[in-house]
Amino acid sequence: MARSLSYSDAVRLLGGQDSKVVAAIEKITGGVLLAATPAVPALLGLFDAKAELVRLSHDLVRGFADRRSGLSRYSRTERLEAAHLVIVVAAFFEAMADSDLPIEFRDLEITKAEQLAVTGAGNPPGAVADDARIFAHLVGNTMVPPLPHQSAEVFRIFLRDYYEAAATVTQRFVAGLAVWDRLGAGERDRFSEALRALPDRAVTRYDELFRQLVADFPEVACWASQREHRATRTALAGLQETLEAISTGRAPDQRRASLALAYRAELDRQIVESGDVPDGIRVPELGEGYVPPRFRVCQVPSAAQVSEESWWSRLPARDDLQEFLIGHLTAPQAVRAPLLVLGQPGSGKSVLTRILAARLPAADFLPIRVVLRDTPALDEIQDQIEYAVRQATGERVEWPGLARSAGDAMPVILLDGFDELLQAVGVSQTDYLVRVARFQRREADQGRPVAVIVTSRTAVADRARTPEETTALRLEPFDDERVALWLDIWNRVNAANFAAAGLRPLAPEVVLQHRDLTGQPLLLLMLALYDADRNALQRAGSDLRATELYEQLLRSFALREIGKHRPGLPDREVRAAVENELRRLSVVAFAMFNRSVQWVTEADLDRDLAALQICGPAGPGAAAGMRAALPEAELTLGRFFFIHRARALPDETAFPTYEFLHATFGEYLVARLTWQVLTDLAARDAASSMSFNAGPAEDDLMRALLSFQPLSARGPILDFLDQMAGTADADRRQSLRELLVRLYRAVNHTPPGIRYADYRPQSPSEPARYATYAANLLLLALCCDRLVLGSELYPAPPDPVDDWHSQTLLWRALLTVDGWTSLVAAIGLSRVEVDGRRDLRLSLHGFTEVTFEPEWIFEEHGDALLMPDLSLDQIRQKAYFQCSVLDDMVHHAVQPLNKVPASLVNSFVRVGRAEMASAAHLLVDFWANPSAGTAQRVADLLTAGLPWSGTTYRYVLSALLDRLRAGRTVSPEAAGKIFQQLVEAPAMADAGAQQTLSEWARRELSLTEEDIRRLE
């Protein structure tokens, strides 16, 4: 399938082979416009007849406008692409005709030899004549039309470049003729100046012709993002109005009408089908409540990281989703590659496909919405389409017959939920989008062009290869304007209900205090439903903590579910049932957290619930007459709309998975259950200390939950735990801290219990579980008290620092890279002294100032320190042996220093009032930052009386003097002072050192032999 048209293609398509207009164009170009290679006389005739060519081009476009009735949707698109290319070429020749060139092409006298040269006669095989190049650029080259994902400004740059190239090859052609040399300088200059102005004149004329084309065909404005954008309207109502206004198709047949009826019915259904709605409150219907979000869009290179925020941040956010979709679905690229719609869970991807299926006019489009989670996942795309049609209408159809029966309408396949294939089936689908594009090519080859839109969660989009020409569109979170518009709909729909219940409408300023929950439409609905219960959100005010908000949100939804499914319970049992619901949700959150994923399969969740056994029954099982009771996981999650259930059907067998619509719900629930288990353990520990059989309370449950993943792996978890600890009084926090420190000290010496041995969300080694649990105990202790000393964690002599070093090596070895990195980022560490001994001060989210103090490292004080046992070769060998990437990077960076004498690394000295530093440190500092101060410190080092060999002293002295000579950053006065200090130093009495100093002084300080002897 051709990707774009040439001018000759466009002429044939608009005029037809037997058209009088086409014949006239052939005539004025000497019959070569539609031929392969032109001759010079024909080209010159084309230039001379440029005004006639322009007129005939306009006739082609007008003729198309007059004949547009009866065209199919895709035929109209093809001819619009052709008409656009015709006006591009016509604009150039029209601008040339109006530019008053000082030379008429008919006046150019061309010799026989020049004619042979430019037509390629006698040229080497494969050579292209200059004439052919000009002709090819002006009327033979393809010109891609405006693309809906581009800005109008970008297309204008391409267009001007096209015209500039056309003017350039014209200039080269004329300048290469002998007659050019016979023209006067003034004529040549005027000709060249006119051609330089030609591109801008052509662009201006193109704009005029484009506006005329838009007047006849409004969809073309959407190709070029030039359609006037109206204020944001709900449910894409303007899309339907615009497409119906330009419709030329015939009424749909019965099968198309049945599909249209099924999809239009969706507009009268609620945006979400949920039982989580308070009595007397109405969720808006799809046709009135869908607010189009902002979006970013771009054509996707094959290696693009479309799941990364950094990839999208370079693109501007747009607010013309309606206009973009009109432009895309009426542009040629729609049938060449899929449109990939990305977004977060709850961002409205599926709702967008429901809206499109309902809004696309049946006369011009045949939309088919394929819900992939309900469709056999391993079949061909054609099979999925046929399955979806049967589900929507109850009628079995074969795709080829349905596509042929579409007549004027262009099929639009909406494949909703590609990410659900990936996560639910567990089968590689990396070529799915490629198969979609292959399906589109096959259909086009069969004369059944089809547009395809695929939706997916952003995070997994990189798991599929994107075919060439794929356009990706990412839905953006709601901004303040869209939050206000959504709330206006919500308040208007429920105005009577609010008045009857004495409730205040929900104002944007109240909701926007919780911006992390306002970006996704479903989360915004969750806040609105929460407030619908006695204006709970408004009564909470601006001081509502995040933990309180999430607790009240989740508790209110659980309470409504209990009231609906188990009415009449006493208050005490209601509270217990609500707590059981939240605990089950917490197990769900841990199932995802401990597997390092954002979703969990139903089978894994059922295993976790059975292994932990910390929850009561989920509620009523199978009703009478049902074939089987629902699984525990489905009973737990099926009632909450803020949990997304994905299911795909390979071979008609469902593999459901679950995820929270917002990851923070899961992170809060992990923190909530952790805090509950910790406080319960502390209560049992306190009770056991009062009994005759005193002993530590068993921490089996906490160890089971917290030995697979460090809590720092998800930053919000620690934030929630920190807030929870902050609500406890000082005595409670202190008792929790003491318990956690005790558990930390004993963690490597206490075997895990067998009570929860079957809880295995992952299969790490036992040492790795010990390491992870120890890390989490420390993090919890830091949540309870912002400061913990290393000597508290390791009270046994001789030194807590050595024990800490061993523990960090264990963490580094046994945690994952992400786990280790998050742990280091979460804990601030300061090297301190306590009671005259070195110690560590640990804090949560504290700032770690990295400074290396030799006195602290070696526990030595004084003005000099020698470490004779330190071997640089051993250090490098150990690092090389460990194959640590980070260590290798550091050693690679300092590898040029390997030839520095080892004694410089082993020697530490305090010079002046500065801190103690190694000789190597002082020397490198001077090399990197030459100044009077750093030079003076090296000079002080040479006069400190260290027991070095003469070779070492001469090395340092030469390094100092060479850098002083090369850098020129030290004044002569400072250099003279350093020289005098060195010549007086006993360590410089060596003859070689004295000679080095004397030569440097004569050269750099201009001292005479007598001056030097006097100084000595």
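Just a few scattered comments:
- Near pairs, Cβ below 7 angstrom, 6+ apart or cross-chain, from segment 729-757 (assigned by TED's automatic domain parsing to the domain that holds Trp675 and over 23 Å from Ala796 (Cβ atoms)) to any residue that is modelled with pLDDT under 90 and charged (D, E, K, R): Arg733/Asp785; Gly753/Glu698
- So Ala774, is it farther than 21 Å from Glu667 by Cβ, free of Cβ contacts under 8 Å to residues at least 40 places away in the same chain and crowded, with 21+ Cβ neighbours inside 10 Å: yes
- Test: residue in segment 418-441 that is within 24 Å of Gln344 (Cα to Cα) and part of a strand (DSSP E or B): no
- Set Leu964, Leu946, Leu957, Leu942: member being over 21 Å from Gln995 (Cβ atoms) and more than 49 Å from the chain's Cα centre (by Cα): Leu946
- Any hit, segment 828-840, residues being modelled with pLDDT of 80 or more, within 38 Å of the chain's Cα centre (by Cα) and surrounded by fewer than 16 Cβ atoms within 10 Å (Cβ to Cβ): yes
- When we screen Leu922, Leu942, Leu904 for residues that are under 18 Å from Tyr953 (Cβ atoms), touching a helix residue (DSSP H, G or I) at 6+ places or on another chain (Cβ under 7 Å) and free of Cβ contacts under 8 Å to residues at least 24 places away in the same chain, the only hit is Leu922.
- Within segment 786-806, considering residues that are within 41 Å of the chain's Cα centre (by Cα) and surrounded by 20 or more Cβ atoms within 10 Å (Cβ to Cβ), the one farthest from Ala768 (Cα to Cα): Val788
- Flag if Ala334 is closer than 17 Å to Leu243 by Cβ, more than 14 Å from the chain's Cα centre (by Cα) and surrounded by 21 or more Cβ atoms within 10 Å (Cβ to Cβ): yes
- Listing of helices (runs of 4 or more DSSP H) fully contained in segment 695-807 that carry 3 or more residues being among the hydrophobic types (A, V, I, L, M, F, W, C) and either modelled with pLDDT of 90 or more or more than 25 Å from Arg595 (Cβ to Cβ) (or both): 700-705, 715-726, 730-746, 766-784
- Residue in segment 809-826 that is among the hydroxyl-bearing types (Ser, Thr, Tyr) and crowded, with 19+ Cβ neighbours inside 10 Å present: yes
- Residues of segment 967-983 satisfying the condition of being in contact with an Asp or Glu (Cβ under 9 Å, 6 or more places away or on another chain) and under 18 Å from Gln994 (Cβ atoms): Ala975, Phe979, Gln981, Val983
- Meets criteria (at pLDDT 60 or above, among the small types (Gly, Ala, Ser) and not assigned by TED's automatic domain parsing to the domain that holds Arg742) for Ala646: yes
- Screening segment 299-315 for residues that are part of a loop (DSSP other than H, G, I, E, B) and more than 14 Å from the chain's Cα centre (by Cα) and picking the one that is farthest from Leu473 (Cα to Cα) gives Ser302.
- Residues (in contact with a strand residue (DSSP E or B) (Cβ under 9 Å, 6 or more places away or on another chain), more than 17 Å from Leu340 (Cβ to Cβ) and at pLDDT below 90) located in segment 424-463: Ala424, Gly426
- Here segment 330-351 is the region considered, the condition is being touching a helix residue (DSSP H, G or I) at 6+ places or on another chain (Cβ under 8 Å) and assigned to a helix (DSSP H, G or I), and the residue that is farthest from His84 (Cα to Cα) is Val351.
- Cβ-Cβ under 6 Å pairs, at least 6 apart or on other chains, segment 260-278 side among the β-branched types (Val, Ile, Thr), far side surrounded by 16 or more Cβ atoms within 10 Å (Cβ to Cβ) and at pLDDT below 75: Val272/Phe641
- In segment 334-347, the residues that are in contact with a strand residue (DSSP E or B) (Cβ under 7 Å, 6 or more places away or on another chain), at pLDDT below 90 and farther than 18 Å from Arg463 by Cβ: Ser347
- Restricting Ala484, Ala472, Ala461, Ala451 to residues that are over 20 Å from the mean Cα position of the chain (by Cα) and surrounded by 24 or more Cβ atoms within 10 Å (Cβ to Cβ) narrows the list to Ala451.
- Counted residues, segment 944-974 - those being β-branched (Val, Ile, Thr) and closer than 17 Å to Ala1001 by Cβ: 1
- Number of positions in segment 585-603 that are at pLDDT below 90 and either crowded, with 20+ Cβ neighbours inside 10 Å or in a helix (DSSP H, G or I) (or both): 5
For every residue, the table says whether it meets (1) in a loop (DSSP other than H, G, I, E, B); (2) more than 14 Å from Val452 (Cα to Cα); (3) in contact (Cβ under 8 Å) with a residue 60 or more places away in the chain.
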| position | (1), (2), (3) |
| --- | --- |
| Arg282 | yes, yes, yes |
| Pro292 | yes, yes, yes |
| Val297 | no, yes, yes |
| His328 | no, no, yes |
| Ile385 | no, no, no |
| Gln391 | no, yes, no |
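The values are calculated or read from the model by the stated rules, or taken from the named source; none is laboratory data. Computed from a predicted model, the values in this text were never measured in an experiment. All Cβ positions, glycine included, derive from the backbone under ideal geometry; neighbour counts span all protein chains shown.
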